[in-house]
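Let me begin by presenting the structure, written as structure tokens, before commenting on it.
None of the figures in this text is laboratory data; all of them are computed from the coordinates on show. The structure displayed is predicted, hence computed values, not measured ones. Quick reminder, even Gly has a Cβ in these numbers, built from the backbone with ideal geometry, and neighbours come from all protein chains shown.
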Amino acid sequence: MIIDVHTHTPRYRTKADADAAPPTGMANAPMRPDRPDPSRITWDEYMEAMQAVDRAIVFNIAGPPDGDQYPPGLPEDGIVKREQARAVNDATAAIVHAYPEKLIGFMSVHPRDPQLLEEMDRAVGDLGLRGIKLGPNYQNFDPLGDEASVLFARAQELGLPILLHQGTSPVQFADLDWAHPRHLDRVATRFPKLRLILAHFAHPWQVDALAVIRKHPNVWADISALHYRPWSYWTSLRLATEWAVLHKLLFGSDFPVATPQETIDAIPRINDLLEGTALPRVPVDELMQVVHRDSLDILGLD
């Protein structure tokens, strides 16, 4: 079985909806270097891409509550508007309910939301969402702050795994430090039963991420959005090999930035750039085990 733990809820149900939507985006650089970012994915396009996997976890990221400026300190016409938790979670639940045999939905919430705990309970009880997606840099919150601790404590109590964006971002006002994996060492120490996933192996801080996942039994990383930077891809997974943490990696694509199929297809080619060198290889057979890992069992979702 192949489980993609990292896909994003399509914003548009139909092509007509996508064509009619106004331009969006905050990025000052493309997410990946080899092609423009797809931003108008429909339900049908999403489900076509998911044919490559047996199950997929799907989510988006909630913005700060009303009254919170993002980014802070800008005039009103410079503020980025992000959908708040209720709308984000309703949209994810809608596609999950349409394809319940294929999809598993994660909610997104914001630590500063006055209705944080109520929305978590609604997302679980009414919507059937089974985990949480957070992006401390995109959501502009301190993962070690008191408000985040309330969220983590409730997630641990409910048995909800959390996937956190970790690492770089092309968004100018996304605080990179809050997406550094070193902070999750302290989160995992405070909440040892909480299952955490470090998205993107925290690129380009993979060496810091492997130190965290090696140390904590309930912390993993996914390999989403890595393969299209070949040197970084090989380096990070060679380090994972040397530090014996390949078993702590989960399969993810980051669709629509990358598809599950191209992520799978890249694995046997990981050592191609080493042709003619004596550099050590990444064991492809062990890396293929990441693709077939039972992530649902690991995350308590089976």
For 258-265, 284-291, ranked highest to lowest by mean beta-carbon neighbours within 10 Å, the order is 258-265, 284-291
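Treat the count of other C-beta atoms within 10 Å as a stand-in for reagent exposure and order W243, W43 from fewest to most. Walk me through the numbers on the way to the answer.
On the way: W243 14, W43 19.
In increasing order of surrounding Cβ atoms, one gets W243, W43.
What value, in deg cm²/dmol to 500, does the helix sum -39500 (n - 2.57) over DSSP H runs of n ≥ 4 give at 222 nm once divided by the residues of the chain?
The per-residue figure over the chain is -9500 deg cm²/dmol.
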Straight-line reach check, K215, cutoff 19 Å on alpha carbons, 8 or more apart in-chain or any other chain, hits among aspartates and glutamates -> D185, E242
Computed ³J(HN,Hα) along the stretch 114-121: with the Karplus parameters 6.51/-1.76/1.60, θ = phi - 60°, integer Hz and x for glycine or proline, the list is x, 9, 3, 5, 5, 5, 4, 5
Sorted on mean Cβ neighbours within 10 Å (highest first), peptides 4-12, 101-109 come out as 4-12, 101-109
Residues V96, V150 in order from fewest to most other beta-carbon atoms within 10 Å are V150, V96
Expected vector for the stretch 205-222, Karplus 3J(HN,Hα) from phi with 6.51, -1.76, 1.60 and θ = phi - 60°, integer Hz, x for Gly and Pro, equals 9, 5, 5, 6, 5, 5, 5, 6, 5, 5, 7, 10, x, 9, 10, 10, 10, 9
For the stretch 236-252, Karplus-derived ³J(HN,Hα) couplings (6.51, -1.76, 1.60; θ = phi - 60°; whole Hz; x for glycine and proline) come out as 5, 7, 5, 4, 4, 5, 5, 8, 6, 10, 4, 6, 9, 9, 10, 7, x
Here the chain gives, from Cα atoms, an Rg and Dmax in Å of 18.4, 59
